[in-house]
1. Two decimals is fine: what is log10 I(q)/I(0) at q = 0.18, 0.24 Å⁻¹ for the range 3-86, from a Debye sum with one equal scatterer on every Cα and no solvent?
2. Ratio of alpha-carbon Rg to the 2.2 N^0.38 Å globular estimate for the range 554-608, to two decimals, please.
3. May I ask you to list the lysines whose Cα is less than 30 Å away from that of K578, ignoring any residue fewer than eight positions away on the same chain?
4. Please get the size of the charge dipole for the chain, origin at its Cα centre, with Cβ charges of +1 on Lys and Arg and -1 on Asp and Glu, quoted in debye to the nearest 20.
5. Show me the ranking of peptides 385-395, 347-357, 556-566, 62-72 by mean Cβ neighbours inside 10 Å, starting with the highest.
6. In whole angstrom, how far apart do the alpha carbon centroids of the range 411-430 and the range 19-73 sit?
7. Over every pair of different alpha-carbon atoms in the range 331-389, take the mean of 1/r and invert it; report that Kirkwood radius in Å.
8. Indicate the gyration tensor shape class of the range 384-542 (rounded, prolate or oblate), computed on the Cα atoms with a ≥ b ≥ c the square roots of the eigenvalues: a/c under 1.5 is rounded; otherwise a/b larger than b/c is prolate and the rest oblate.
Amino acid sequence: MTEEIRQTLAIIPRKPGCYQFYDENGNVIYVGKAKDLKRRVSSYFDREHDSPKTRILVRKIRKIKYIVVNSEEDTFLLENNLIKELQPRYNVQLKDDKSYPFIAVTHEPFPRVFKTRNVGKMGRESRTGSSDYFGPYTSVQSVKALLDIVKKVYNIRSCRLNLTSKDIEAGKFKVCLEYHIKRCKGPCEGLQTEEDYNENVGEVVEILKGNVSIIERQVRDKMEGLSEELRFEEANELKEKLQLIGSFREKSMVVSNVNYNLDVFSIDGSEASAFVNYLHVVNGAVIRAYTFEYKKRLEETAEELLGMGIVEMRQRFGSEMKEIVVPFMPDLKMEGVRFTVPVRGEKRKLLALSEMNVKQYKVDRLKRGEMLNPEQRTTRILSSVKKDLRLKEMPLHIECFDNSNIQGSNPVAACVVFKKGKPSKKEYRHYNIKSVSGPDDYASMREVVERRYARLLKEGSSLPQLIVIDGGKGQLHAALEALEKVGLNGKIAMIGIAERLEEIYYPNDPVPLYIDKNSETLKLIQQLRDEAHRFGLSFHRRQRSNRQLVSELDGVKGIGPSTKNKLLKHFKSIKRLKESDQEEIVSVIGPSKGEVIRKWIDESKGKSI
């Protein structure tokens, strides 16, 4: 495995898409699809393969590229396009050149609707050679289910007769079995007008465009009618078919219903770089995707950079498309080429696919840079924290406080410290609450914050740039009073985090701040809160266990503090002490005191009985 492959595996996203393996000469040797790119591509390198061909393939891989898409269905379509275009050595070659099915609606009197793989080709299926095509579809079963329902609901003919008005008037045709089983209304004998038939075809076309609600409404009415007639099997059959065609709601962004021939470009950037994605679309299908980076030198505008990218990519891949889809007009003029900025429709979906890939490439480049320089990631995260929380300085030193008590027993508190976004465990501190009796979280928080920063000031230790309080407005206000008492009010930023809705509170501000649930700022604050909670809870449990052991042994005559400490250190709890054998007790405190403990244990058991 090369270092480049290792870095790619570390950053590849857990998204659906297609991947391409390149050999040392830069040739694509394999194209694959995955609903989880990271898991699938990693599987080639983290195990020993039984197939000799797979082992040879893996040994030849020198570079990996990938394209992300929206759905698992789109991975099938994109893989099909790429294999046909690139013909990689290790892929199964499509000898019969079969492709995914489309649905055709012919342009002829009384149009027909049928499944086909021969898009745009004349033949037996298409008498006129002119049809509208919808698809492609990855599920043949869904296509069959839809066509079956179209026949039942709209009575579209299945015959290939040339139903001209002249031949119908001459009585040249006779109705077939489809008419008698009520699958056709007999337009061949003039029993259905062309106007009525075309109205049905128009609704079918709307369904094929994704407006399934039309047929859903009609089929649902029919199902309810069958149910009222107690024809439950037939009603259930319609229900199952309706569920199958639900997939027609989602339109593919990889293959369009319209046979576009065009280039698609999108751009994204950072302070130092610009990233440009290029999609090459032939007959409505994406057959090439490429993203590259420009290093900015001067104050180049996005319009200038996009124009440079368009020229470079078209020259590199020899594209002569007459239409280019872009997010905005570039600073570029090209003779005989039209720039389009789509707002909706199929072209907007292609632009959205390009934008998704350029954003993914930007994220991947950022992750790759952070792998080489971990400090870069720390700086980025802390910069986000500073921006999101509106801080005056970078929070290189953060401290978080949490209280722990159960019904007021053994109240304790914890302070955890993060330096440069990472836990600094040697600086963690536990606190036994001294001045508070009973369950009073506010007073406990006030005490521990005051003790913490009074001591840091006394010792001349460094102070944090941010204090996080686990709690809402009440705990935050108590902590603020403690800072005022030690003279640090306004000198250290402070926030509270309420756990239920992850709300961020500021001192003296009743309106909380809501941060994006997926943001790295909130994740860091949650990590601080969870670490303080874990650290405080573990200390609280130890305190309760220790006090329980010591308090029960306090009444045993002949057992002093030294002996109690030995028992505490060895057995950890009263339960373990009472369950131990005499030999183990004697080994810890000797035979005479061991006899005293044994007698006490026996008396305790007698009382419990």
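1. -0.76, -1.28
2. The value comes to 1.02.
3. The reachable lysines, counting only those whose Cα sits under 30 Å from K578, are K557, K564, K566, K569, K593, K599, K605, K607.
4. Working: 107 positive and 87 negative charges, 469 e Å.
That gives a dipole near 2260 debye.
5. Numbers: 385-395: 15.1, 347-357: 20.6, 556-566: 13.5, 62-72: 19.1.
Order by mean packing, descending: 347-357, 62-72, 385-395, 556-566.
6. Rounded to whole Å, the Cα centres lie 44 Å apart.
7. Details: mean 1/r = 0.0673 Å⁻¹.
Mean inverse Cα-Cα distance, inverted, gives 14.9 Å.
8. Values: a/c = 1.39, a/b = 1.26, b/c = 1.10.
Judged from the Cα gyration tensor, the range 384-542 comes out rounded (a/c under 1.5).
Just so you know, all these numbers are worked out from the coordinates, no wet-lab data involved. Everything numeric here is computed off the predicted structure, so don't read it as measured data. Cβ: placed from backbone, ideal geometry, glycine included. Neighbour counts: every protein chain shown.
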